[in-house]
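Input: a single structure, listed below in structure tokens.
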Amino acid sequence: MNKLPLQDQRFLDAAVGWLGLGDHLAANEELEQITPELRADPNVLEVRLQICWAAKKWEACVEIAGALVRLKPGSDQGWIGRSFALHELKRTQEAYDFLLPAEDKFLKNWTVPYNLACYCAQLNRLEEAQIWFKKAMAINEQLVKREAIDDPDLKPLWDGMSGSLWKKE
């Protein structure tokens, strides 16, 4: 899509600023000032997704992220956001199914295999969870370790293992 007109871009930038300050309500107010027909711009939708995420409006996240996947399939935000929201709605199998195609699209993004590992762990598919977890570790070991240490979604995997995932093969 084309670049937003200056005034609308200012509202978008202000919304990003408010999000950075942790105020998703003020960020939403800024987005509401954008010209209505431009609110479906992928850049606006990305910020709207972050606002809904902060507000834990998971149904809205699924819708917005789905639109992002269609409008901007080369961006990982829609793929990851949609699946995370589905998982939060206790629709973990759908989260897995929708994120799986992204694995081939975002080979350098550790979040995709990491989230697939989480979903598999929650679905009690522990061998598959271990495979996905190792793929995530191969992409960014330090970040994955930091994220995984307290992640309750991986608890079924940890309960079935004795720390062997931390070892390199």
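Surface exposure of the stretch 1-71, expressed per residue as accessible area with a 1.4 Å probe, stands at 58 Å². Here, the stretch 73-114 is characterised by an Rg to Rh ratio of 0.94, where Rg is the alpha-carbon radius of gyration and Rh the Kirkwood radius.
Over the chain, calculate the relative contact order: mean separation of alpha carbon pairs under 8 Å at least 6 apart, over the residue count, as a percent.
12
Using the Karplus relation 6.51 cos²θ - 1.76 cosθ + 1.60 with θ = phi - 60°, the per-residue 3J(HN,Hα) values for the stretch 91-107 come to 10, 5, 5, 4, 4, 4, 4, 6, 8, 3, x, 6, 4, 6, 7, 10, 5 Hz, with x marking Gly and Pro. In sequence order, the stretch 22-35 has phi-based couplings of x, 10, 6, 5, 5, 4, 5, 4, 5, 5, 5, 8, 5, 3 Hz under the Karplus curve 6.51 cos²θ - 1.76 cosθ + 1.60, θ = phi - 60°, and Gly or Pro positions carry x.
So what's the back-of-envelope 222 nm ellipticity for the chain, counting only DSSP H runs of four-plus at -39500 (n - 2.57) apiece and dividing by all residues, rounded to 500?
Calculated mean residue ellipticity at 222 nm is -20000 deg cm²/dmol.
Within the stretch 1-96, the trypsin sites (Lys or Arg not before Pro) that combine a DSSP coil assignment with at most 12 other C-beta atoms in a 10 angstrom radius are Lys3, Lys56, Lys90. Relative to the first principal axis of the alpha-carbon coordinates of the chain, what is the inclination of helix 6-20, with its axis defined by its Cα atoms, in degrees from 0 to 90 and to the nearest 10? Result, in degrees: 40.
Computed about the Cα centre, the dipole magnitude for the chain is approximately 380 debye when only Lys and Arg (+1) and Asp and Glu (-1) carry charge, each at its Cβ.
The values are calculated or read from the model by the stated rules, or taken from the named source; none is laboratory data. None of the values given here were measured: they were computed from a predicted structure. Neighbour counts run over all protein chains shown; Cβ positions are idealised from the backbone, glycine included. Remember, those area values only see protein heavy atoms, side chains included, never the ligands or the DNA or RNA. Shrake-Rupley method; radii C 1.70, N 1.55, O 1.52, S 1.80 Å.
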